[in-house]
Amino acid sequence: MPVRSKTKDSFSYKILKVLAISGAVVLAASSPYFGLAAGKAFKKELDRKKWREFYKHLNSLRNKKRINVSQNPDGSYNVAITTFGKDLITRYSLDELKIKKPNEWDGGWRFCAFDISIKANKLARHSLVDKLKELGFIMAQRSLWAHPFECREELGVVAKAFEVEPYVCTFIAYEMDIEQERTLKKKFYTQTGIFLK
């Protein structure tokens, strides 16, 4: 199993994800999930864990600088996710991102245009392009990529994750040159195996 999959399935990652939702919380000594905005599934799994193991995971996350933990005089703990921890959650959320295929294509093309200097931010540009390819986008021009299905929300997540929001814009086109559209359809089919009618 890939290391990344193991991380996403780990109990430590689940704790981190819950903390990302809860924000800064206080964990009471009498209840390991007091203050956590945890769902029933997480609490059920937590109930199966010994408190010592739970705090072991917290300590591991603190050592990796993914959370800050401090103990209060009454024995409770202040716990807050760090920027590094938030970045980790964002990265894995990005990995899970997919563009849903509708039952019927509306005939529109969603374009993502960006103006990111290779010299100024080569890594961000390459990361963005790689993610667009992974999501099924096809290149119309060097800095212009297209996808036939609704994906503006997904593009917003991608742009935010790579910190390039000011340099990215999106638009939809329902009419274009017949030959250009035929080329886009062919490229999309070659890349994804999806035939557009």
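The values are calculated or read from the model by the stated rules, or taken from the named source; none is laboratory data. Given the structure is predicted, the values throughout are model-derived calculations rather than measurements. Every residue, glycine among them, receives a Cβ derived from its backbone with ideal geometry; neighbour counts consider all protein chains shown.
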Problem - Residue pairs meeting the criteria (Cβ under 7 Å; at least 6 apart or on separate chains; first modelled with pLDDT under 85, in the range 61-74; second charged (D, E, K, R)) - result: 69/62
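Which count do you get for residues in the range 123-157 that are among the small types (Gly, Ala, Ser) and farther than 26 Å from residue 196 by Cα? Spell out the reasoning first.
Residues of the range 123-157 among the small types (Gly, Ala, Ser): 124, 127, 136, 140, 143, 146, 156.
Subset that is farther than 26 Å from residue 196 by Cα: 124, 127.
Selection size over the range 123-157: 2.
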Problem - Tabulated pairs, the range 152-181, first outside the structural domain of residue 89 (by TED's automatic domain parsing), second β-branched (Val, Ile, Thr) and part of a helix (DSSP H, G or I), C-beta under 6 angstrom, 6+ apart or interchain - result: 161/90
Handout entry: Which listed residue, of 179, 175, is of a type in the set (D, E, K, R), at pLDDT 90 or above, more than 26 Å from the chain's Cα centre (by Cα) and not in a helix (DSSP H, G or I)
Key = 175
Practice task
Keeping to the range 103-118, report how many residues are farther than 19 Å from residue 158 by Cβ and either touching a Gly at 6+ places or on another chain (Cβ under 7 Å) or surrounded by 10 or more Cβ atoms within 10 Å (Cβ to Cβ) (or both).
Solution key: 4
Completion exercise
Of the residues in the range 158-171, those that are surrounded by 13 or more Cβ atoms within 10 Å (Cβ to Cβ) and under 25 Å from residue 193 (Cα atoms) come to 158, 170
